[in-house]
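Each remark here refers to the structure printed beneath this line.
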Amino acid sequence: MSREHELSTALAATRERVARAARAAGRDPAELTLVVVTKFFPASDVRALAGLGVRDVGENRDQEAGAKAAELSDLPDLHWHFVGQLQTNKVRSVVRYARAVHSVDRARLAQALGRAAEQAGRDVGCFVQVDLAPALGLEPDAARAGAAGEDVLRVADAVAAHPGLRLRGLMAVAPRGVDPARAFAELARTAERVRRVHPGARELSAGMSGDLEQAVAAGATHLRVGSAILGSRPGAR
Ligand SMILES: *Cc1c(COP(=O)(O)O)cnc(C)c1O
């Protein structure tokens, strides 16, 4: 089977899964954006996916994302979503290609992104990444990304305060060892609290290859799906 055929088959199966999950939740599939996470896979795969109608692609490392975006700059309709942990010294690079950043988890990062976006004359959509673990009673883990508790609103405030940024909503990864339905219900509750202050923050980036159904049921608008479409990542962690 050619790579194009392989991708086409897996993409169709994933789109069908998303449509089925939407129907089961009484939602319109048209309100869901499938972000295909292409990290570790070559730009040629992204090009093939674009040929199959994919517009939204996700990456988690600036160096890799920037190189692919440059190589594919002839595809003007491609929207790059940055979904990985982001250091402030990378923001100037990221705002050059990213239409949205799903991993804004510190006010300081929001401020740096905002300044870089303004300088570059770009409008960057932001999702505040939430660490759901504390609210679910899990052990703290210093390496885990995301804001928790009152910090979620503080980061949202910092995004909303910046003219170069647009606060789109919240993002989370369901912690390991927890029922994803329970994790995403907690995310939905957090989103409700944020919307009392920022009514425009209506979007929810949640759900990956293994738990997109539970995310759709909980109100996700952006599904970040990698391995179900591209296969298992080389040297996957
Ligand atoms: C890699 C990644 C995904 C995609 O995960 P799959 O399980 O391969 O679908 C989604 N979100 C983030 C933040 C990722 O880093």
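Any read-out appearing in this document is the output of simple, stated calculations on the displayed coordinates, not a laboratory observation. Predicted model only: the values in this text are computed from it and were never measured. With ideal geometry, Cβ positions are generated from the backbone for all residues, glycine too; neighbour counts draw on all protein chains shown.
A Förster radius of 35 Å combined with the Cβ-Cβ distance from ALA43 to GLU139 puts the calculated FRET efficiency at roughly 0.35. Per-residue extension of 0.36 nm, minus the Cα-Cα distance of GLN63 and SER227, leaves a gain of 57.0 nm for this segment. Between amide H atoms placed 1.01 Å from N, distances below 5 Å from GLU203 occur with GLY169, LEU170, all of them 5 or more places distant or on a separate chain.
Working note: Karplus 6.51/-1.76/1.60 with θ = phi - 60° gives the range 212-222 the couplings 5, 4, 5, 5, 4, 4, 8, x, 4, 10, 10 Hz, where Gly and Pro are set to x.
Amide hydrogen proximity for ARG166: with H placed 1.01 Å from N in the peptide plane, the residues at 5 or more positions away or on another chain lying under 5 Å are VAL124, GLY125, CYS126. Working from Cα pairs under 8 Å separated by at least six residues, relative contact order for the chain is 20 percent. Each peptide in 227-234, 71-78 receives the mean, over its residues, of other Cβ atoms within 10 Å, and ordering these scores from highest gives 227-234, 71-78. Rg/Rh for the chain (Cα atoms only, Rh after Kirkwood) is 0.95. May I ask you to derive the FRET efficiency for THR9 and ALA181 from their Cβ-Cβ distance with R0 = 30 Å, giving the value to the nearest 0.05? Once rounded, the FRET efficiency stands at 0.60. Restricting the calculation to Cα atoms, the range 5-132 yields a radius of gyration followed by a Dmax of 15.6, 44 Å. Extending 7 Å from Cα along the Cβ direction at GLU192 and again at HIS79 yields two label points whose distance is 2.7 nm.
Legend: calculated FRET efficiency, ASP151 to ALA24, from the Cβ-Cβ distance at R0 = 41 Å, rounded to 0.05, equals 0.75.
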